[in-house]
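One structure is given below, represented as structure tokens, and several questions about it will come after.
The values are calculated or read from the model by the stated rules, or taken from the named source; none is laboratory data. Values in this document were obtained by computation on a predicted structure and should not be read as measured data. So basically every Cβ, Gly included, is an ideal-geometry build from the backbone, and we count neighbours across all protein chains shown.
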Amino acid sequence: MSFVAEFNSLPLEALLSKSIATSPLVARETLGKPRVSLADFAALISPAAGELLENMGRKSNALTLQRFGKTIRLFAPLYLSNECVNNCSYCGFSRDNPILRVTLSLEEVRREAGALKLQGFRNLLLVAGEHPKFVSNHYLRDCIAALHADWPSVSLEVGPMETEEYRPLVAAGADGLVVYQETYDRNIYAAMHTAGPKRNFDWRLETPERAYAAGFRRLGIAPLYGLADWRLEALSVAAHADYLLRHCWKAAVTLSLPRLRPCAGEFEPLTHITDRELAQLICAFRLMFPDVGIVLSTREEPKLRDGLISLGVTMMSAGARTEPGGYTGAGREKIHHTERGLIKELASGASEWAPRENRPTNATGQFNVGDKRPPQVVAELIRRLGYEPVWKDWDAALTI
Ligand code: SF4
């Protein structure tokens, strides 16, 4: 049985009602439990448990130190392409947005990776929009193969594939796959994805299982907070993580907490999760999943990121750019618009996203980042908080 069947039978509305109605006494009792079920998790994300955030933070911190030590693993996203066949209302790369697009050549990908390596990174997340013409499976395999010797860990955040299509990517050296469900609410999912293959909710939901079958040893999942009610999303992704830990037990599972950021298309969030609720959610995830990696990206502002480190976070990006070529200016001569899969030359000044002189690249980013500090500044801050920034935590020689 895939997670889809389990997901379809989850009593999510009942769990949400239980969460909202949780009493302070039940919240306190739940916080004292040695093991946390999904029903307990509902209590931990309740408004009542929100009043116990200090206690939750202490417990979450202690569990994280016990399982991970005082370490924060650092990684960087490398955007290969911002071409996409999908229309996702909340994403700057949406097909119908008149943005400036480019797909990096292999040589340009090497240049971008080289710049990140000089900054200290050894964990790379390759990101691309979903466009089989520009971002083919062969192209992805070649990018991974070109980087494999220099990069101990290469993860992917690209359009979902079949298991057989994933296998060559694993063989080329990719070890992690990140796939956000975006929202676990089927109605909102249908409303947000109006064109392209991404409309298939169930196929996307089963992606981590197909990736596991192909041999990926790290699986990253998340909703995009700002679409459906955050507690419903949290309950769903907790159930999803629980399923993956039971069925894909050889892989490490990570949970991210991406909140919507401003982007081309100017989509406004449909729902809101406050900073305090985000902190509570990190603690609740840690209490339910002591061994799961928790990822905090540069979507968040520096002050909040710094404050969340001790609550249970184990992985952070730093110095991230969300446009292809963002680290070196690679590909800037090839910037274009794309219409119906065809490249269109830029008419000068025709786009609200027109090239600007003072940017290293002219391609449009996926969203505006919140923490623009250079990686070394983030690493120094991590050290000042008493944690060790970990640039490398894996080597191909460890693969059996
Ligand atoms: S979220 Fe992904 S699939 Fe959707 S438009 Fe953006 S890049 Fe494309």
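Of everything in the stretch 119-153, what is in a strand (DSSP E or B) and either of a type in the set (F, W, Y) or closer than 21 Å to T364 by Cα (or both)? Give them in sequence order. Lay out the reasoning, then the answer.
Narrowing the stretch 119-153 to residues in a strand (DSSP E or B): 123-128, 153.
Within the stretch 119-153, L124, L125, L126, V127, A128 qualify.
Suppose we filter the stretch 305-338 for residues that are without any contact (Cβ under 8 Å) to a residue 40 or more places away in the chain and surrounded by fewer than 18 Cβ atoms within 10 Å (Cβ to Cβ); how many remain?
Residues that pass the stated criteria total 3.
Looking at the stretch 186-215, which of its residues are of a type in the set (D, E, K, R), buried (at least 20 other Cβ atoms within 10 Å of the Cβ) and more than 16 Å from the ligand (Cβ to nearest atom)?
R210
Restrict the check to the stretch 141-159 and report whether at least one residue is more than 16 Å from the ligand (Cβ to nearest atom), surrounded by 21 or more Cβ atoms within 10 Å (Cβ to Cβ) and of a type in the set (F, W, Y). Steps first, please.
Step one: list which residues in the stretch 141-159 are more than 16 Å from the ligand (Cβ to nearest atom), which gives 141-154.
Subsequent filtering for residues that are surrounded by 21 or more Cβ atoms within 10 Å (Cβ to Cβ) retains 143-144, 147, 151, 153-154.
Keeping just the survivors that are of a type in the set (F, W, Y) gives 151.
Looking through the stretch 141-159, at least one residue is more than 16 Å from the ligand (Cβ to nearest atom), surrounded by 21 or more Cβ atoms within 10 Å (Cβ to Cβ) and of a type in the set (F, W, Y).
Criterion first (hydroxyl-bearing (S, T, Y) and either modelled with pLDDT under 95 or under 20 Å from N86 (Cβ atoms) (or both)) does Y189 satisfy it? Show your work before the answer.
Working: hydroxyl-bearing (S, T, Y): yes; either modelled with pLDDT under 95 or under 20 Å from N86 (Cβ atoms) (or both): yes.
Yes, satisfied.
Output the number of residues of the stretch 229-242 satisfying the condition of being within 15 Å of L219 (Cα to Cα) and out of contact with any Pro (no Cβ under 9 Å at 6 or more places or on another chain). Reasoning before the result, please.
If we filter the stretch 229-242 for residues that are within 15 Å of L219 (Cα to Cα), which is where we start, we get 237-242.
Those still in the list that are out of contact with any Pro (no Cβ under 9 Å at 6 or more places or on another chain) too: 238-239, 241-242.
Residues flagged as within 15 Å of L219 (Cα to Cα) and out of contact with any Pro (no Cβ under 9 Å at 6 or more places or on another chain) within the stretch 229-242 amount to 4.
In the stretch 60-89, what residues are assigned to a loop (DSSP other than H, G, I, E, B) and more than 15 Å from the ligand (Cβ to nearest atom)? Please lay out each step first, then the result.
Going residue by residue through the stretch 60-89, those that are assigned to a loop (DSSP other than H, G, I, E, B) are 69-70, 82-86, 89.
Passing the criteria: G69, K70.
I45: of a type in the set (A, V, I, L, M, F, W, C), closer than 27 Å to I20 by Cα and away from the ligand (no atom under 16 Å from the Cβ), yes or no?
Yes; evaluated as a whole, the condition is true for this residue.
Scanning for something away from the ligand (no atom under 16 Å from the Cβ) and either within 24 Å of Y189 (Cα to Cα) or in a helix (DSSP H, G or I) (or both), does the stretch 90-107 turn up at least one residue?
Looking for residues that are away from the ligand (no atom under 16 Å from the Cβ) and either within 24 Å of Y189 (Cα to Cα) or in a helix (DSSP H, G or I) (or both), one finds at least one in the stretch 90-107, hence yes.
What residue, among those in the stretch 172-184 that are away from the ligand (no atom under 16 Å from the Cβ) and in contact (Cβ under 8 Å) with a residue 40 or more places away in the chain, is surrounded by the fewest Cβ atoms within 10 Å (Cβ to Cβ)? Steps first, please.
Taking the stretch 172-184 as the starting set, the residues that turn out to be away from the ligand (no atom under 16 Å from the Cβ) are 172-176.
Checking which are in contact (Cβ under 8 Å) with a residue 40 or more places away in the chain leaves us with 173-176.
On the way: G173: 19, A174: 31, D175: 24, G176: 24.
Of everything passing the filter in the stretch 172-184, G173 is surrounded by the fewest Cβ atoms within 10 Å (Cβ to Cβ).
Which residue pairs have Cβ atoms under 8 Å apart, sit 6 or more places apart or on different chains, and have a first residue in the stretch 30-48 that is modelled with pLDDT of 95 or more and outside any helix (DSSP H, G or I) and a second that is among the basic types (K, R) and crowded, with 19+ Cβ neighbours inside 10 Å?
From the stretch 30-48, the pairs are I45/R231.
Now a separate question. I'm checking my understanding of the structure. Among residues of the stretch 63-81 that are more than 12 Å from V313 (Cα to Cα) and small (G, A, S), which one is nearest to the chain's Cα centre (by Cα)?
Restricting to residues being more than 12 Å from V313 (Cα to Cα) and small (G, A, S), the top hit is A76.
Considering each residue of the stretch 12-29, count those that are farther than 14 Å from Y184 by Cβ and exposed (fewer than 15 other Cβ atoms within 10 Å of the Cβ), and give that number. Steps first, answer last, please.
Here is the first cut: in the stretch 12-29, the ones farther than 14 Å from Y184 by Cβ are 14, 17-29.
Filter again for exposed (fewer than 15 other Cβ atoms within 10 Å of the Cβ), leaving 14, 17, 20-21, 23-25, 29.
Residues meeting the conditions: 8.
What are the residues in the stretch 62-83 that are of a type in the set (A, V, I, L, M, F, W, C) and more than 18 Å from R321 (Cα to Cα), if any? Outline the logic, then answer.
Step one: of the stretch 62-83, the residues of a type in the set (A, V, I, L, M, F, W, C) are 62-63, 65, 68, 72, 74-76, 78, 80.
The answer is A62, L63, L65, F68, I72.
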